[in-house]
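Remarks on the structure that follows.
The values are calculated or read from the model by the stated rules, or taken from the named source; none is laboratory data. Just so it is clear, the structure is predicted and the values come from calculations on it, not from any experiment. Cβ: placed from backbone, ideal geometry, glycine included. Neighbour counts: every protein chain shown. To get the accessible areas, we keep the full protein, side chains included, count just its heavy atoms, and leave off ligands, DNA and RNA. Shrake-Rupley method; radii C 1.70, N 1.55, O 1.52, S 1.80 Å.
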Amino acid sequence: MTPREMEMVEVFTSEGKGRGLKAAKEFWAGDVIFAEPAYAAVVFDSLTHLVCHTCFKRQEKLHRCGQCKFAHYCDRTCQRDAWLNHKHECSAIKAHGKAPNENIRLAARIMWRIEREGGGLTEGCLVSIDDLQNHVENFGEEEKKELRADVESFLNFWPPQSQQFGMQYISHIFGVINCNGFTLSDQRGLQAVGVGVFPNLCLVNHDCWPNCTVIFNNGNHEAVRSMFHTQMRIELRALGKVSPGEELTVSYVDFLNVSEERRQQLQKQYYFRCTCEHCQKGIKDDLMLAVKEGENKPSQDVVKEVLQFSKDTLEKISKARSEGVYHEVVKLCRECLKKQEPVLGDTNIYLLRILSIASEVLSYLQMFEEAAGYAKRMVDGYMKIYHPNNAQLGMAVMRAGVTHWHASLIEAGHGMICKAYAILLVTHGPTHPITKDLEVMRVQSEMELRMFQQNEFMYYKMREAALKNQKIQVMPEPTNEASSGLFHTKQ
């Protein structure tokens with residue numbers, strides 16, 4: 001955080017929440033309130049050879065560290081930038097014989113930075129690592145057992161020549177990681193690839209209907225001159241007008257759950273019970289639990305039966321997706337929708353979850369027409385539930401727009417791409433790789449729409465010829481990840 005950004009916010013004691021951040025000046029939708037580089041960050045264990053360990057971008061070919069053979073980088077620039085944080089890690093991995101898991105690696109990187117700079121306030125930080133909450137006292141028996149195992153693994157990995165820390169302090173660091181580790185995504189925002197700690201972000205409290213969003217930006221090292229390079233960072237961005245003195249909030253969990261389920265998730269993961277207006281008043285719960293109205297209104301028993309069938313189906317879908325059996329996923333979705341459609345309302349979260357999975361998997365299987373129908377219904381439901389500038393809404397509308405374009409539904413597709421672009425300009429900003437991709441799509445779909453309106457027959461002929469001459473853009477393989485919270489939790 002720059003000195004100028006530090007003047008834009010103020011640390012204060014938020015009633016019932018502890019410390020918080022409030023605005024010291026007025027902000028508008030899309031304004032970057034502050035940007036913050038990671039105090040420490042690591043790539044997930046399963047992706048260490050596929051993702052750059054400096055900027056967290058997925059790349060086809062990565063340079064491997066010649067010493068430890070573990071760390072991978074986009075290029076020499078990323079490798080050079082990483083050396084300060086990788087130097088001790090590199091020799092420790094060589095001495096240990098192998099790299100430990102991501103939790104141990106992150107704790108070690110934090111400790112090496114503390115060894116260099118001390119555990120107090122560092123430049124650009126409003127709060128020190130020492131002062132962050134660890135919630136160790138709230139751990140259950142299973143969490144305490146995992147903590148003891150992590151501490152033991154850490155001590156086995158930590159070099160004897162490095163500064164030695166007490167068990168209580170090491171436990172504090174693991175507690176901080178457990179409740180403050182922020183999930184990092186690849187440059188397209190499509191996959192979670194790592195976890196990092198951002199002390200200033202930890203001061204921003206939760207609200208289910210927040211006034212800010214936090215976005216990960218991988219930075220840019222592509223410019224020839226290094227003065228134009230930007231580093232990997234998170235950005236806290238305003239979703240609308242924020243007045244001076246107003247508390248800055250983000251949502252730690254996906255809003256697409258009824259208030260009691262969100263409260264349970266927050267209690268389990270972050271050790272507090274949410275008291276925001278949306279939870280206290282159950283705002284939008286009626287939409288998320290909607291059932292068909294009118295003459296054919298279903299009985300409570302029928303609703304209960306369909307909801308249980310939906311939950312059972314989602315479990316079966318999860319298993320089939322993890323095994324990559326996508327045609328089975330489609331079959332399960334179709335069966336579930338047949339049961340849901342006469343009973344559940346258009347905004348019911350169980351219907352929306354099935355529509356989301358069906359559209360994503362059918363797009364991957366290139367069954368675009370059917371996928372587009374489900375995507376349209378999903379987006380219509382999302383628009384009634386989510387905050388109009390919600391990042392997840394923007395990403396969902398973008399995917400639906402691309403699906404409609406593949407299905408040759410150019411008018412609807414262009415409309416959705418424009419809507420997604422408007423949302424992501426606020427949530428991600430114009431220079432983010434996702435927004436740039438979307439701008440290219442918007443210009444292309446606008447050009448195609450004009451052609452379509454002038455001569456529909458010629459448009460389809462030219463589109464067919466173009467698609468024959470180029471490899472069709474395949475949708476990304478569906479992941480089996482549930483919509484994650486803001487902060488990473490150990491699996």
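Condition first: in contact with a helix residue (DSSP H, G or I) (Cβ under 6 Å, 6 or more places away or on another chain) and either modelled with pLDDT under 95 or open to solvent by 100 Å² or more (accessible area, probe 1.4 Å) (or both). Now tell me which residues in region 280-319 satisfy that.
Listed by number, the list holds a single entry, K316.
Write out, first by first residue and then by second, each pair whose Cβ atoms fall under 9 Å of each other, whose residues are 6+ apart or on separate chains, and whose first residue, in region 130-147, is over 22 Å from K17 (Cα atoms) and touching a residue at least 12 places away in the same chain (Cβ under 8 Å) while the second is aromatic (F, W, Y) and surrounded by 15 or more Cβ atoms within 10 Å (Cβ to Cβ).
E146/F139; E146/F174; L147/F139; L147/F174
Out of the residues in region 330-352 meeting the condition of being of a type outside the set (S, T, Y) and touching a residue at least 60 places away in the same chain (Cβ under 8 Å), tell me which one is nearest to G373 (Cα to Cα).
L352
If we scan region 45-60, do we find a residue that is in a strand (DSSP E or B), crowded, with 20+ Cβ neighbours inside 10 Å and either among the acidic types (D, E) or in contact with a helix residue (DSSP H, G or I) (Cβ under 6 Å, 6 or more places away or on another chain) (or both)?
No, because not a single residue in region 45-60 is in a strand (DSSP E or B), crowded, with 20+ Cβ neighbours inside 10 Å and either among the acidic types (D, E) or in contact with a helix residue (DSSP H, G or I) (Cβ under 6 Å, 6 or more places away or on another chain) (or both).
Do the conditions hold for K17, that is, is it surrounded by fewer than 22 Cβ atoms within 10 Å (Cβ to Cβ), farther than 23 Å from N200 by Cβ and among the basic types (K, R)?
Answer is no for this residue.
Is there a residue being touching a Lys or Arg at 6+ places or on another chain (Cβ under 6 Å), closer than 21 Å to V440 by Cα and free of Cβ contacts under 8 Å to residues at least 40 places away in the same chain anywhere in region 389-397?
Of region 389-397, the ones touching a Lys or Arg at 6+ places or on another chain (Cβ under 6 Å) are 397.
Filter once more, so that each one left must be closer than 21 Å to V440 by Cα: 397.
Now narrow it down to the ones that are free of Cβ contacts under 8 Å to residues at least 40 places away in the same chain: 397.
Yes, region 389-397 contains at least one residue that is touching a Lys or Arg at 6+ places or on another chain (Cβ under 6 Å), closer than 21 Å to V440 by Cα and free of Cβ contacts under 8 Å to residues at least 40 places away in the same chain.
From the set of residues in region 71-103 that are touching a strand residue (DSSP E or B) at 6+ places or on another chain (Cβ under 8 Å) and part of a loop (DSSP other than H, G, I, E, B), which is surrounded by the fewest Cβ atoms within 10 Å (Cβ to Cβ)?
D75
What's the number of the only condition in (1) open to solvent by 30 Å² or more (accessible area, probe 1.4 Å); (2) at pLDDT 95 or above; (3) under 19 Å from L126 (Cβ atoms) that R233 fails to meet?
Result: R233 fails condition (2) only.
Mind listing whichever residues of region 387-445 are within 22 Å of W28 (Cβ to Cβ) and in a loop (DSSP other than H, G, I, E, B)?
Hits for region 387-445 are H387, P388, N389, N390, H428, G429, P430, T431, H432.
Working only within region 104-124, note down all residues that are open to solvent by less than 20 Å² (accessible area, probe 1.4 Å) and either basic (K, R) or in a helix (DSSP H, G or I) (or both).
I104, R105, L106, A107, A108, I110, M111, W112, I114
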